[in-house]
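First up is the structure itself, then whatever we jot down about it.
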Amino acid sequence: MTPAYRFSDIKSVRDALAAVGYLCDDAIATVLYLAERLQKPILVEGPAGTGKTELAKSLALALSSRLIRLQCYEGLDESKVLYEWNYRKQLLRIQVERNEEDAGREAHHDEWRRIEGDIFSEEFLLTRPVLEAIRADDPVVLLIDEIDRVEIETEALLLEVLSEYQVSIAELGTVRARQIPPVVLTSNGTRELSEALKRRCLYLYLDYPSQEREREIVISKVPEISERLADEVVRVIGLLRSLDLQKHPSISETLDWARTLIVLGIEHLDEAATSSTMNILLKYREDIDRAQRELLGHASKPRA
Amino acid sequence: MLDVLSGFVDELRASGLPVSVTETIDAADALSVIPLDDVAAVRACLSTTLVKSADHEVAFGRVFDLFFSRRGLPGIPSAEILIETESPDVEEIFVPGRLSGNRRAIDPRELRERARRALASGDEELLTQTAQQAVELYGSVESARPVGVAYYLQKTLRALDVESILSQLLADARSGTEPGERIGGDAMHDNLVRSELMRHADALREEIRREIARLLVDERGAGAVARSMRRPLVEDLDFMHASADDLVAMRRAIYPLARILASRLAHRRRHRRRGPLDIRATIRRSLSSGGVPLEPRFRRPHPSRPEIFVLADVSGSVSAFARFTVHLVYAIAEQFSNVRCAVFIDGVDEVTGIFRRAASIEEAIAEVGAKADVVDAHGHSNYGSAFRLFAQRYGPSLTKKTNLIILGDARGNYHSGESEILQSLRRRAHRVFWLNPEPRSYWGTGDSIIGEYAPHCDGVFECRTLRQLKDFVDRLA
Ligand SMILES: Nc1ncnc2c1ncn2[C@@H]1O[C@H](COP(=O)(O)OP(=O)(O)OP(=O)(O)O)[C@@H](O)[C@H]1O
Ligand SMILES: [Mg+2]
């Protein structure tokens with residue numbers, strides 16, 4: 001059986017994403033295309049706010065699939081990733097049995113065995129995102145967001161599921177995948193991920209976009225903006241990103257800035273407008289000072 | 001096809017990139033589902049399957065250029081040439097091409113005008129054309145010369161006189177732009193234009209470099225050029241000789257390492273402490289007692305927070321390392337609360353507070369420089385007196401949970417080493433590690449007394465590169 005691919009070529013990926021408002025370049029589109037053909041998860045790294053999470057969301061939209069998201073945090077464990085037993089329901093069930101016992105029926109050892117089988121059945125299982133994704137009947141996209149936040153043990157667990165596409169539940173046996181969904185893992189690089197995980201995934205480094213692509217993003221997300229102001233915005237952003245700052249402005253900050261300028265009724269950038277809104281782009285005092293100097297200060301002498 | 005791919009992978013490995021066999025197979029699979037005449041797609045395929053770290057992108061790009069893109073061969077899809085290695089025409093296709101055949105005369109004045117437009121607009125196409133023509137006109141390969149991209153790069157840039165084009169453009173930008181098209185006043189306008197021109201000039205330089213590499217490949221073969229271009233990866237750069245750019249790249253790599261280091265140092269005292277109630281296990285257990293949860297079950301506890309005390313030499317002999325050290329310590333301190341740090345030359349001062357207050361690493365370094373009171377008598381490292389002061393002031397706060405990490409070259413300027421103080425510090429602490437930024441072969445020469453201290457440490461490690469730092473961190477596992 002040849003699987004029906006939903007993207008016919010690289011360009012169709014690009015177009016499909018553009019149709020849902022995500023503007024990507026050919027390198028990004030190629031990776032998404034390959035992920036479908038080779039059925040491999042994509043590991044997306046890059047600075048904050050470059051559209052890692054948005055990529056997964058847009059992919060789901062483009063494929064008309066349901067997005068299942070696992071947001072990672074320190075301490076996340078199996079019971080939040082795969083499944084957990086609904087112990088309230090289990091306790092209730094046990095309670096009912098005990099009441100019957102009190103009512104005079106003597107429960108035998110065998111009977112407790114039966115109850116054990118009962119309460120560790122599907123009915124009492126709470127599926128968590130990763131198990132849910134591979135067991136789903138409808139098309140889904142699985143987003144494992146900020147995987148660098150979990151401990152190495154949980155990472156290993158995820159790796160196992162992503163390699164085997166099955167989950168073994170002690171009380172139920174092995175649960176096999178009904179589908180191998182597109183999987184996007186994101187990382188902000190706060191720690192190095194295991195070699196094994198990286199080997200398993202296609203890798204995509206999402207850097208800041210080119211000036212042209214960022215201009216298109218601004219125009220598509222902030223339609224009220226004039227072409228000219230959009231151009232000015234991305235030029236200033238371009239300069240800021242070339243400085244050695246602690247934190248460069250991200251795409252979300254570019255968009256926030258553009259929206260703010262519109263709200264303030266600013267039609268063209270100048271020193272005053274830039275200076276008074278700089279705190280939207282930069283978060284650290286020293287960065288702001290530095291940017292003011294480099295952008296608004298008088299250069300001693302044209303360096304060329 | 002696999003031949004070419006494996007040659008390519010070999011070269012990546014020779015450049016220090018860790019590429020596994022499975023990844024090579026993935027790359028081959030990927031190539032089989034894309035159009036091979038699309039160089040950009042071929043590049044994306046190889047990069048996404050073979051390179052799993054942003055730090056390796058640059059090295060990958062260089063090797064890729066050498067193997068897969070020869071725009072000098074008109075009409076011939078580059079990847080296919082390489083993939084169809086069986087083809088008998090290959091030799092023929094490679095040799096003539098641009099070097100002899102269709103060379104048009106290039107007018108230097110036209111080229112300069114093209115360069116001007118390319119630099120002004122930053123247009124990729126124009127930049128590439130400019131680079132190709134500039135190299136054709138000025139960068140012709142001299143057969144007697146050894147392979148060296150840098151030589152031809154300088155030669156071409158000088159002949160093209162990029163500097164003068166840039167200053168002309170800058171002057172034009174002031175007078176030539178209509179006030180209505182400007183952003184802000186003179187200063188802001190100038191700054192924006194200058195910054196853009198600089199970035200475009202960098203892009204042109206990079207294009208020229210790539211073009212020269214390609215030309216050299218035609219002449220000398222990919223292998224020879226690749227060998228001449230191998231550069232250490234970030235993780236193999238020596239801290240002591242790192243440039244400012246290198247330091248920026250290293251800094252990015254340090255944060256993840258700091259985190260791993262700290263979590264490796266965390267004790268796992270599983271058997272002594274209980275974690276939270278494990279309801280699932282409790283319920284299962286209760287079934288043997290007729291559904292009455294008699295015996296609560298607990299999860300395994302999370303590892304405790306590590307306790308780390310870092311003691312770092314910040315004297316002149318290790319100043320480059322000290323900068324790096326401070327980065328590392330700052331990164332650790334930022335993420336974990338149980339970290340204390342002290343720096344020393346011949347005096348000692350704790351800088352934990354400075355790190356906690358500093359808003360940025362630059363500020364922290366400046367503060368440490370300005371405020372830390374580390375000079376006791378002479379301002380040259382004196383490990384003996386530094387250890388004595390450290391033991392007096394901070395010795396009592398070391399506990400059996402503390403990992404003491406000493407960073408320094410153990411060059412004591414012939415002062416007494418007083419290693420018995422280190423010995424007693426080790427008795428108080430959990431473990432003592434020493435990271436030495438000097439090459440191992442220098443240890444014990446001159447005033448190096450690392451040998452005197454080594455017996456009182458749980459480990460002494462050469463630590464001159466990020467890779468060695470990683471190895472140290474791995475060994476703690
Ligand atoms: N290619 C794009 N096309 C359109 N919008 C984009 C694109 N990339 C990013 N954005 C916009 O930028 C915003 C930030 O993106 P997102 O939240 O996905 O970043 P992130 O990389 O996940 O950041 P973080 O690391 O902080 O989680 C999104 O709201 C989205 O609107
Ligand atoms: Mg995100």
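The values are calculated or read from the model by the stated rules, or taken from the named source; none is laboratory data. Every value quoted in this text rests on a predicted model; they were computed, and no experiment measured them. Cβ: placed from backbone, ideal geometry, glycine included. Neighbour counts: every protein chain shown. To get the accessible areas, we keep the full protein, side chains included, count just its heavy atoms, and leave off ligands, DNA and RNA. Shrake-Rupley method; radii C 1.70, N 1.55, O 1.52, S 1.80 Å.
Values for this structure:
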quantity: Cβ-based net charge around A:ALA35, under 13 Å, with every Lys or Arg adding one and every Asp or Glu removing one; calculated: +1
quantity: Counted charge near A:ILE280, where neighbours are those whose Cβ lies closer than 10 Å (Asp, Glu -1; Lys, Arg +1); calculated: 0
quantity: Dipole magnitude of region A:211-293 about its Cα centre (Cβ charges: Lys, Arg +1; Asp, Glu -1), debye to nearest 20; calculated: 260 debye
quantity: Two-decimal log10 I(q)/I(0) for region A:211-293, as the Debye equation yields it once each C-alpha is a single scatterer, q = 0.19, 0.25 Å⁻¹; calculated: -0.76, -1.31
quantity: Label-point separation, A:GLN71 to B:ARG427 (7 Å along Cα→Cβ), nm; calculated: 5.3 nm
quantity: Nearby aspartates and glutamates by direct alpha-carbon distance to A:LYS57 (threshold 13 angstrom, same-chain neighbours under 8 apart not counted); calculated: A:ASP145
quantity: Residues in region B:20-34 that a label on A:TYR5 would reach, taking backbone N under 17 Å of a point 7 Å out along Cα→Cβ; calculated: B:26-34
quantity: Extension gain (nm, one decimal) between B:VAL33 and B:GLN154, 0.36 nm per residue minus Cα-Cα; calculated: 39.5 nm
quantity: Whichever aspartates and glutamates have a C-alpha closer than 19 Å to that of B:LYS371, once near sequence neighbours (fewer than 8 apart) are set aside; calculated: B:ASP313, B:ASP346, B:ASP349, B:GLU350, B:GLU362, B:GLU363
quantity: Exceeding the 26 Å Cα-Cα cut-off - candidates A:LYS221/B:LYS52; A:LYS40/A:LYS247; A:LYS52/A:LYS221; A:LYS52/A:LYS80; A:LYS221/A:LYS247; A:LYS11/B:LYS52; calculated: A:LYS221/B:LYS52; A:LYS40/A:LYS247
quantity: Heavy-atom accessible area order for A:LYS40, B:LYS371, largest first, 1.4 Å probe; calculated: B:LYS371, A:LYS40
quantity: Rounded FRET efficiency, nearest 0.05, which uses the C-beta distance separating A:LEU243 from B:THR399 and R0 of 35 Å; calculated: 0.20
quantity: Distance between modelled label sites at B:ASP3 and B:SER164, nm, 7 Å Cα→Cβ extension; calculated: 5.0 nm
quantity: Gyration tensor (alpha-carbon) shape descriptor, chain A, a/c threshold 1.5; calculated: prolate
quantity: Cβ-based charge dipole, chain A, positive-most Cα from A:LEU55, A:LEU255, A:ILE119; calculated: A:LEU255
quantity: Two-site label geometry, A:GLU111 and A:LEU38: point separation in nm, points 7 Å out along Cα→Cβ; calculated: 5.9 nm
quantity: Chain A: DSSP helices with Cα axial extent of at least 20 Å and average Kyte-Doolittle hydropathy no lower than 1.6; calculated: none
quantity: Relative contact order %, chain A, counting alpha carbon pairs below 8 Å whose residues are six or more apart; calculated: 22 percent
quantity: Interface area, B with A, accessible, probe 1.4 Å, both sides summed, Å² nearest 100; calculated: 5100 Å²
quantity: Convex hull per residue volume in Å³, alpha carbons only, for region B:351-477; calculated: 133 Å³
quantity: Net +/- balance of residues flanking B:ASN436 in space, Cβ distance below 12 Å, scoring K and R +1, D and E -1; calculated: -1
